[in-house]
Amino acid sequence: MIENTVKTGDESMGKLFGTDGVRGVANKELTGELAFKLGRAAAYYLTRNKKSKKKPVIIIGKDTRVSGDMLEAALVAGITSVGVDVLKLGVIPTPGVAYLSSILDADGAVMISASHNPVEDNGIKFFTGKGLKLTDQMEDEIEDIIFNEYESIPRPVSTEIGKAEEAAYLVDKYIDYLLTTVDVDFSGLRIVLDCANGAAYRVAPEVLRRLGAQLIVVNDQADGERINLNCGSTHPELISELVRQEKADLGVAHDGDADRIIMVDENGELLNGDKIMAICSQYLLKNNRLKKKTLVTTAYSNMGLHEMIRENGGEIVITDNGDRYVLEEMLKNGYNLGGEQSGHIIFLDYNTTGDGVLTALQTIAIVKKSGQKISELARVMKDWPQRLSSVPVKEKNWQENDRIQERVERAVHRLGDKGRVFVRASGTEPVIRIMLEGKDDALLAELERDLVEVIEEELN
């Protein structure tokens with residue numbers, strides 16, 4: 001399914017890591033054997049230069065997928081085999097793993113999740129002891145260890161082997177921390193919450209209830225089989241309908257590992273990551289809390305967001321697609337807010353990665369303080385018409401196809417300076433993603449049909 005595959009016993013393979021860790025169909029592409037190797041190599045890489053006499057430790061979290069236990073066991077075996085202790089957090093959002101890694105003096109962290117992907121998929125992503133996703137270079141070095149240095153990784157014996165400890169109690173530290181990030185209660189607000197049957201199933205409802213919100217919670221089952229199934233941030237139509245039925249003030253939908261968020265207003269209208277960033281950045285600008293008056297986002301963010309930021313006296317910085325690149329830019333230049341249209345939003349004052357629950361809290365706090373409806377706050381940004389398509393393909397080498405290239409160039413020419421065209425291969429799924437943006441929606445629809453048609457014909 002995905003490029004991140006390994007043939008057991010065959011070390012002549014290609015790249016393991018994609019845009020967000022190692023992903024694949026669990027027990028087919030992402031096997032226990034591969035997880036064991038990743039655990040050994042990553043633990044060795046993250047701890048080999050440790051000078052402290054204290055035994056190194058790595059923390060592990062997971063979402064609710066049924067394959068999580070298998071991969072966790074393999075990772076634990078790999079990590080402990082190089083003399084590193086493990087703290088097993090159990091089910092916890094990805095940003096919870098990042099946060100706990102940063103405060104526990106850990107040497108690294110692992111999250112087992114395929115985010116918004118279906119239940120048959122799973123993934124493994126690593127963090128440093130400071131709660132930061134590994135850089136491309138660091139992932140390359142771990143791959144090099146697996147393919148070229150694996151047999152030389154030390155194998156301690158006796159009491160030098162690492163130990164594994166159940167540490168689900170540490171999730172409460174993350175919950176308690178989230179509560180400190182807002183200075184207003186949510187009493188009087190009626191909120192619909194969709195947990196995607198994933199990692200947010202306990203954390204998100206508990207935090208919102210403790211802040212006084214009245215909740216209507218759906219898809220909060222941790223059965224391991226229904227994660228992301230017609231629910232969560234990829235299916236916001238569910239909370240949209242429920243908000244209208246329940247006459248709620250707003251709705252919140254997470255993905256499987258709760259590092260992203262999609263919201264809807266009191267009318268059930270969708271608020272994607274761009275709209276949420278517009279609300280939050282305007283508030284921070286007005287209160288002189290947006291560092292360097294700059295928002296960081298990717299090329300896929302709507303031009304309406306660009307206009308809104310500049311009209312409010314701020315600036316916008318564009319990065320490559322992917323929240324890791326947003327974070328790199330934020331760290332490099334001292335910015336504190338950034339994110340993606342998909343709902344990965346980073347509040348660097350509070351956490352080192354996209355955090356869906358944290359983003360919900362920050363946005364709802366603005367609603368409460370303003371005394372306005374969230375739809376009124378969202379009007380600060382006026383969308384340019386935008387068309388997004390994900391085209392399933394057997395091959396992803398669209399850039400090498402002359403016919404596709406000709407159609408893309410034609411679309412760029414027809415839009416001119418009144419629009420944009422982006423085409424890219426997904427790093428996590430077998431699809432080609434298309435984004436068209438401009439002032440003329442009819443033209444965008446025509447160009448979208450044309451590009452989808454040629455990609456389907458040429459790459460399947």
Check: What number of residues in the stretch 280-311 are modelled with pLDDT of 95 or more and in a loop (DSSP other than H, G, I, E, B)?
Finding: 4
Item checked: Conditions (1) under 28 Å from GLY61 (Cβ atoms); (2) touching a Gly at 6+ places or on another chain (Cβ under 7 Å): number failed by LEU238 -> (2)
Notebook entry, point to check: When you go through (1) crowded, with 19+ Cβ neighbours inside 10 Å; (2) modelled with pLDDT of 95 or more one by one for GLY18, which number turns out not to apply?
Noted result: (2)
Check: If you go through the stretch 326-361, how many residues are surrounded by fewer than 18 Cβ atoms within 10 Å (Cβ to Cβ) and among the aromatic types (Phe, Trp, Tyr)?
Finding: 0
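For (1) within 28 Å of SER115 (Cβ to Cβ); (2) β-branched (Val, Ile, Thr); (3) not assigned by TED's automatic domain parsing to the domain that holds VAL264, each residue gets a yes or a no:
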{"site": "LYS373", "(1), (2), (3)": "no, no, no"}
{"site": "VAL393", "(1), (2), (3)": "yes, yes, yes"}
{"site": "ALA411", "(1), (2), (3)": "no, no, yes"}
{"site": "VAL431", "(1), (2), (3)": "yes, yes, yes"}
{"site": "LEU451", "(1), (2), (3)": "yes, no, yes"}
Check: Is it true that some residue in the stretch 168-181 is in contact (Cβ under 8 Å) with a residue 60 or more places away in the chain and among the basic types (Lys, Arg)?
Finding: yes
Notebook entry, point to check: Would the stretch 86-103 turn up any residue that is buried (at least 20 other Cβ atoms within 10 Å of the Cβ) and more than 27 Å from THR359 (Cβ to Cβ)?
Noted result: yes
Note to self: For the structure I just gave you, tell me whether GLU139 is crowded, with 18+ Cβ neighbours inside 10 Å, in contact (Cβ under 8 Å) with a residue 60 or more places away in the chain and either closer than 28 Å to GLY78 by Cβ or under 19 Å from the mean Cα position of the chain (by Cα) (or both).
What the structure shows: yes
Next item on the list: Please verify whether the stretch 207-219 includes one or more residues that are modelled with pLDDT of 95 or more, over 21 Å from SER187 (Cα atoms) and touching a strand residue (DSSP E or B) at 6+ places or on another chain (Cβ under 9 Å).
Entry: yes
Note to self: If I filter the stretch 243-252 for residues that are surrounded by fewer than 24 Cβ atoms within 10 Å (Cβ to Cβ), within 28 Å of ASP121 (Cα to Cα) and out of contact with any helix residue (DSSP H, G or I) (no Cβ under 7 Å at 6 or more places or on another chain), do I get at least one hit?
What the structure shows: no
Margin query: Is it the case, given these coordinates, that MET263 is assigned to a helix (DSSP H, G or I), of a type outside the set (Gly, Ala, Ser) and either modelled with pLDDT of 95 or more or surrounded by 23 or more Cβ atoms within 10 Å (Cβ to Cβ) (or both)?
Written below: no
Notebook entry, point to check: Is at least one residue of the stretch 325-335 modelled with pLDDT of 95 or more and over 30 Å from PHE126 (Cβ atoms)?
Noted result: no
Next item on the list: Being more than 28 Å from the chain's Cα centre (by Cα) and either touching a residue at least 24 places away in the same chain (Cβ under 8 Å) or crowded, with 17+ Cβ neighbours inside 10 Å (or both) is the filter here, so list the residues in the stretch 411-443 that pass it.
Entry: ALA411, ARG414, LEU415, LYS439, ASP440, ASP441, LEU443
Note to self: Of everything in the stretch 384-406, what is under 23 Å from the mean Cα position of the chain (by Cα) and either polar (S, T, N, Q) or assigned to a helix (DSSP H, G or I) (or both)? Give them in sequence order.
What the structure shows: GLN386, SER389, SER390
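Condition check ((1) free of Cβ contacts under 8 Å to residues at least 60 places away in the same chain; (2) small (Gly, Ala, Ser); (3) not assigned by TED's automatic domain parsing to the domain that holds THR359) across all residues:
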{"position": "LYS55", "(1), (2), (3)": "no, no, yes"}
{"position": "ILE60", "(1), (2), (3)": "yes, no, yes"}
{"position": "MET70", "(1), (2), (3)": "yes, no, yes"}
{"position": "ALA74", "(1), (2), (3)": "yes, yes, yes"}
{"position": "GLY78", "(1), (2), (3)": "yes, yes, yes"}
{"position": "VAL110", "(1), (2), (3)": "no, no, yes"}
{"position": "SER115", "(1), (2), (3)": "no, yes, yes"}
{"position": "GLU120", "(1), (2), (3)": "no, no, yes"}
Next item on the list: Please find, within the stretch 356-383, the residue that is modelled with the lowest pLDDT out of those that are of a type outside the set (A, V, I, L, M, F, W, C) and assigned to a loop (DSSP other than H, G, I, E, B).
Entry: ASP383
Checklist line | Hits in the stretch 129-153 - residues which are closer than 30 Å to ILE103 by Cβ and touching an Asp or Glu at 6+ places or on another chain (Cβ under 7 Å) | finding: GLY129
Next item on the list: Could you list, in sequence order, all residues of the stretch 261-282 that are farther than 24 Å from SER187 by Cα and in contact with a Ser or Thr (Cβ under 7 Å, 6 or more places away or on another chain)?
Entry: GLY273, ASP274
Note to self: Residues to consider are LEU208, LEU170; find the one that is more than 22 Å from ILE112 (Cα to Cα) and part of a helix (DSSP H, G or I).
What the structure shows: LEU208
Checklist line | Residue count for the stretch 282-304, restricted to those that are touching a Phe, Trp or Tyr at 6+ places or on another chain (Cβ under 9 Å) and under 19 Å from ASP417 (Cβ atoms) | finding: 5
Check: Quick one: ALA164 ticks every box in (1) surrounded by fewer than 16 Cβ atoms within 10 Å (Cβ to Cβ); (2) on the phi < 0 side of the Ramachandran plot bar one, so which box is it?
Finding: (1)
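The values are calculated or read from the model by the stated rules, or taken from the named source; none is laboratory data. Predicted model, so just to flag it, every value in this text is computed and none were measured. Reconstructed Cβ throughout: ideal geometry from the backbone, glycine too, with neighbour counts over all protein chains shown.
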